[in-house]
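Note sheet for the following structure.
Taken together, the values in this text are just the output of simple stated rules run on the coordinates, not laboratory data. For clarity, every value in this text was computed on a predicted model and none was experimentally measured. Cβ atoms come from the backbone with ideal geometry, glycine included; neighbour counts cover every protein chain shown.
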Ligand code: TNX
């Protein structure tokens, strides 16, 4: 090699060496404000910088992981301006950049657990299942500066504090419900809601699809359900419904975020919209009027007519065919005008119908009056817990949704412009300050599948309204379901929640600025 060339090469290498020797900026992982709080975390005092050259490495042939890598790359693109390359490697372990690795020996991490190792030159995120990788990606997201959430170009540096995190959920069911009946919400709004759940590692969206005021899912064998029953909503607005294709689009969007959709068809009560659509479902064979008020407990399917069971079978069959999740929710709440013996007969029969279509039945805990199969699930919601206890006595697992703590449609306080208060006010501290396993005497951790926070929409008309009631309570429910009880403390949590404010702002969330929370980040800046 000529002297000249050697000299040229040296000139080229010196800045490269300088660049790679650049000292990482110190950063303390202990100071990060993750929600839900991870199981364990150790800080190492340094940081990883995500730059335009950072690549995401995946193992060859792991298509599902490639999709998660693409999700992460797409997520950081608008705010960073980076076009992150995704590289398939035979052995990504040890490579620079961010490696997403499925490790078949890490069975202990379970379906959703992950290990995150952040060093100055590389990040390794490993899990037993792709789902765990997805949950870990949400941790990486929260470790990046809040402005990563922006949809417009922001200035870096994009530092992630170094250290290790080992994390997995306490409960396999962590969900929220959205009532798309009392007021209808289109698929874009539902997708937005799904994204909020995903950000806090939740994994279930329960969609309340039928009630007195509307029928929101196309059933091809009973077309008038949506033609007539889908036409209105609370207050007399125009309502709406999802075609089966649109519903499947929601299911797919949720699936890509490792969220299961549980569809609910509420029966035998809460059925006025169906009863207005088809005369034959009424005991007197007369179709009733559409209803746009907010009363409950006045309607019932005719439980002794065969046509009713034909109807239920058709609806569940069509719904099961487009629902990959294992559960179909049959409601069963507040059937005040159904005779008790008829209610029991009805639920017993519907349970069989659900099973005949390959699904498990879920119902509000009222269904425990019937003879439940052990595969069925009861959702506790009332202020009185008898029904949930009755379910557990039948060896049925329970979802915790106590209205006085977990209903996101309860007002924060008496001045709250949205929401109801039949179960009391639910301020942000009260929403967080309870544990799933000590809320009902006689129901222990082994009986509980997890938590669900419902949002009924009698008073909720827009996405802004949804956000106002959901934030900032939702992150707390996510933590109750995910983090070990020893890691829950309102006095510590409220600071972490306060630190989410900047994120909420960049996400354009219309959150409620509760005075119980030390909103730290923007306390000196003007708030929206
Ligand atoms: C009770 S919770 C209901 C709903 C209402 C809600 C309002 C439950 C199973 N039934 O029909 O929308 O209260 O908070």
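Most tightly packed first, judged by the mean number of other beta-carbon atoms within 10 Å of their residues, the peptides 195-202, 414-421 read 195-202, 414-421.
What does the C-alpha gyration tensor say about the overall shape of segment 251-310? Classify as rounded when a/c is under 1.5, otherwise prolate if a/b is larger than b/c, or oblate. Because a/c hits 1.5 or more and a/b exceeds b/c, segment 251-310 counts as prolate.
Taking 1.306 mPa s as the viscosity and 10 °C as the temperature, the Stokes-Einstein diffusion coefficient of segment 20-167 based on its alpha-carbon Kirkwood radius rounds to 104 µm²/s.
Report the FRET efficiency, 1/(1 + (r/R0)^6), for residue 286 and residue 121, where r is their Cβ-Cβ distance and R0 is 60 Å, rounded to 0.05.
Values: r = 74 Å, r/R0 = 1.23.
After rounding, the FRET efficiency stands at 0.20.
Relative to the current alpha-carbon distance between residue 296 and residue 336, full extension at 0.36 nm per residue lengthens the span by 13.5 nm.
Site pair residue 71 and residue 42 shows an inter-label distance of 2.9 nm when each label is modelled 7 Å from Cα along Cα→Cβ. What is the antiparallel percent of DSSP beta bridges lying wholly in segment 155-272, to the nearest 5? Antiparallel: roughly 15 percent of the beta bridges in segment 155-272. Counting Cα-Cα pairs of segment 274-353 in 10 Å increments starting at 0 gives whole-percent bin shares of 16, 47, 33, 4. Stretched out straight at 0.36 nm per residue, the stretch from residue 516 to residue 166 would grow longer than its current Cα-Cα span by 123.0 nm. In the chain, the DSSP-assigned H stretches of four residues or longer account for a calculated mean residue ellipticity at 222 nm of -9500 deg cm²/dmol, using -39500 (n - 2.57) per stretch and the full residue count as denominator.
Between residue 191 and residue 360, the FRET efficiency from the beta-carbon distance, with R0 = 30 Å, is close to 0.70. Quick note on segment 209-361: its Rg to Rh ratio, both from C-alpha atoms and Rh being the Kirkwood radius, is 0.95. Residue exposure proxy: 401, 221, 79, ordered by other Cβ atoms within 10 angstrom of their Cβ from fewest to most, comes out as 221, 79, 401. Summary of packing: across the peptides 434-443, 457-466, the per-residue average of other C-beta atoms within 10 Å ranks them, highest first, as 457-466, 434-443.
Between residue 279 and residue 224, the simple spin-label model (points 7 angstrom out along Cα→Cβ) gives 0.8 nm.
Each label was represented as a point 7 Å from its Cα along the Cα-to-Cβ direction; for residue 495 and residue 90 these points are 5.0 nm apart.
Normalised by the residues of the chain, what does the relative contact order come to in percent, with Cα pairs under 8 Å and at least six apart?
Relative contact order of the chain: 13 percent.
Provide the gained length on full extension for the span residue 371 to residue 151, in nm with one decimal, where the gain is 0.36 nm per separating residue minus the Cα-Cα distance.
Length gained, residue 371 through residue 151: 74.1 nm.
Annotation: Cα Rg of the chain relative to the compact-globule expectation 2.2 N^0.38 Å equals 1.06.
State the antiparallel share, in %, of DSSP beta bridges confined to segment 20-167, rounding to the nearest 5.
Roughly 55 percent of the beta bridges in segment 20-167 run antiparallel, per DSSP.
For segment 137-189, a Kirkwood hydrodynamic radius built from all Cα pairs, placed in the Stokes-Einstein relation at 25 °C and 0.890 mPa s, yields a translational diffusion coefficient of 161 µm²/s. Can you give the FRET efficiency to the nearest 0.05 for residue 304 and residue 485, using r as the Cβ-Cβ distance and R₀ = 51 Å? Rounded to the nearest 0.05, the efficiency is 0.60. Short to long, the 10 Å bins of the Cα pair-distance histogram for segment 368-491 hold 13, 42, 31, 13, 0 percent of all pairs.
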